[in-house]
Number of protein chains: 2
Amino acid sequence: MMFNKVAIVGVGLIGGSLGLTIRRKKLARRVIGVARHSATLKTAKKIGAIDSGTVSLSNPELLTADLVILAVPPEKVAEVALKLAGRFRHPVIFIDVASTKQAIVSKLDKKLPKHVSFVGAHPMAGSERSGIDAARVDLYEGALCVLTPTRQTSRRALKTVQTLWTRLGSRVVLLSPDQHDARVAQISHLPHLAASALALTPDSAALALAACGFADTTRIAAGDPELWAGICATNRPEIVCALRRYREQLQKIEKAVARNDRAGLLRLLKSARQRCLKLYR
Amino acid sequence: MMFNKVAIVGVGLIGGSLGLTIRRKKLARRVIGVARHSATLKTAKKIGAIDSGTVSLSNPELLTADLVILAVPPEKVAEVALKLAGRFRHPVIFIDVASTKQAIVSKLDKKLPKHVSFVGAHPMAGSERSGIDAARVDLYEGALCVLTPTRQTSRRALKTVQTLWTRLGSRVVLLSPDQHDARVAQISHLPHLAASALALTPDSAALALAACGFADTTRIAAGDPELWAGICATNRPEIVCALRRYREQLQKIEKAVARNDRAGLLRLLKSARQRCLKLYR
């Protein structure tokens, strides 16, 4: 047992999967879930993601947790953290699971009481599906989890959170919030928006011919629009920069095709292929 | 039995899979393969994709085929078809399997002897893998196959080829070569180049964080560069047009992100999502 009581605020795909895995691996004596709708809590309890649930952040049961997981949309993390933190009287660790870090960390650093230790976390696992029905006990197995400690982060809390993610089956990487946001803009946020733009491009006659190549390349664009709008809002400069770099690469390819520059096109396709093959190794 | 003897010129992923399926479904008495290397023929025979093989297009055994499948790269199809056609003395059907059609069809229409009937075919199935080792007996099951008849196409040959693809398990769609090229540029060639550009965009620090979303969106960019350079060379104006349309969609998204226009971004993400969800139904 790593924790006495874990509170998971937001019992969707990410929070629900955490509950399932924490309970399955017996990392906490008790897992309590917080959701807006009691139907979500009912499902979460039924599938074994939580021991009990509440629809109220003011529920006193939450205040005895020693780990609070803020699995709410990125724009809500800081707000919920600040609201909850003021009510805790004993040492507690807060973590989030959002895809953007700088906006969140800067709102929380130096703003939390001493006994509330915040560690920014981003498990790089997910699905185009969302909600408690999509929760899976193996979601974090073999995934990467980026932690973004700052000078304000308690070393002890960081160590505990590292151990938690390792025991959840993830490979932990430490980055500064800035580094995290710049890299994730390129490797996660850009692909999502590129897939969305790709899904929007074909006319309906062309769309009728879509085969698995097209479905694979656009699959992630089926993700929750509200969540992704929130991600974009909290990582704007980095995402805009990644989109520009992407358009430059596209223009290189477009030029090579338009000019019938076979050698140039081959160079680009070959180096793209090399990068892909490395990913699958 | 639909055919007495089928000759497959080019025994890679596409040709090899056709051989496997034709033999398994007993659509021909005999399948003969043509490849540049005898090692390919050996593998093709071993896995059951052909009955016998030859490395020479001049092999007289080929001339008794009643169906010739030209499974060679798009730039080679017309050349090989013209070379072979002149030697046939009895009625025979030629089909190709290339991803581009107008460049091929225009080179063959009116150029072939009367007893050689050409039907342009594009089975929309494939993989980022290539070669005989990637051949699969179920590659065409449930896939779409576009046939591109013209005024010169024999109705009888077209009907035979339609039946062939239906019996291979594919859904047959008839389009003009022009229509085919414009639609496939958007739904197949563009996604490939978009995936290549995406694979080239992240810096190496970001690439180290690549998770399954990135791998899925770039998977097809691992395809054979030579093949794709050939596809681009034979469908240039349509591909350039599709790339421009794609860049326009990307710029819309980029603008919405840069301006923090949440409503505008949500509209784009939602309509992209709708299109994706329809694909999976």
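The values are calculated or read from the model by the stated rules, or taken from the named source; none is laboratory data. Note that this is a predicted model, so its numbers are computed, not measured. Here the Cβ positions follow ideal geometry from the backbone for every residue, glycine too, while neighbour counts run over all protein chains shown.
Here is a check on your reading of the model: is B:R259 more than 7 Å from chain A (Cβ to nearest Cβ) and under 16 Å from A:L198 (Cα atoms)? Don't jump to the end; show me each part of the working.
Working: more than 7 Å from chain A (Cβ to nearest Cβ): yes; under 16 Å from A:L198 (Cα atoms): no.
It is false that B:R259 is more than 7 Å from chain A (Cβ to nearest Cβ) and under 16 Å from A:L198 (Cα atoms).
Suppose we filter B:I220, B:I239 for residues that are at the interface with chain A (Cβ under 7 Å from one of its Cβ atoms), aliphatic (A, V, I, L, M), within 26 Å of A:L139 (Cβ to Cβ) and touching a residue at least 12 places away in the same chain (Cβ under 8 Å); which single one remains?
B:I220
Provide a single number: the residues in segment B:242-256 that are within 7 Å of chain A (Cβ to nearest Cβ) and within 19 Å of A:H189 (Cβ to Cβ).
So the count comes out to 6.
For B:L18, indicate whether it is of a type in the set (A, V, I, L, M), out of contact with any Ser or Thr (no Cβ under 8 Å at 6 or more places or on another chain) and either within 18 Å of B:R136 (Cβ to Cβ) or at pLDDT below 95 (or both).
Taking the combined requirement at face value, the residue satisfies it.
Please work out which residue is farthest from B:H180 (Cα to Cα), limiting yourself to segment A:193-207 and to residues that are touching a Leu at 6+ places or on another chain (Cβ under 9 Å) and in a loop (DSSP other than H, G, I, E, B).
Top of the filtered list is A:T201.
Could we say that B:L175 is more than 7 Å from chain A (Cβ to nearest Cβ) and surrounded by fewer than 22 Cβ atoms within 10 Å (Cβ to Cβ) here?
Values: more than 7 Å from chain A (Cβ to nearest Cβ): yes; surrounded by fewer than 22 Cβ atoms within 10 Å (Cβ to Cβ): yes.
In short, yes.
Please find, within segment A:208-236, the residue that is surrounded by the most Cβ atoms within 10 Å (Cβ to Cβ) out of those that are among the acidic types (D, E) and assigned to a helix (DSSP H, G or I).
A:D216
Condition check ((1) crowded, with 18+ Cβ neighbours inside 10 Å; (2) in the same structural domain as A:K159 (by TED's automatic domain parsing); (3) assigned to a strand (DSSP E or B)) across all residues:
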| position | (1), (2), (3) |
| --- | --- |
| A:L20 | yes, yes, no |
| A:R29 | no, yes, yes |
| A:A78 | yes, yes, no |
| A:R89 | no, yes, no |
| A:S99 | yes, yes, no |
| A:E128 | yes, yes, no |
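Out of (1) closer than 16 Å to A:L277 by Cα; (2) modelled with pLDDT of 95 or more; (3) more than 8 Å from chain A (Cβ to nearest Cβ), what's the single condition that is false for B:S204?
Among (1) closer than 16 Å to A:L277 by Cα; (2) modelled with pLDDT of 95 or more; (3) more than 8 Å from chain A (Cβ to nearest Cβ), the lone unmet condition for B:S204 is (2).
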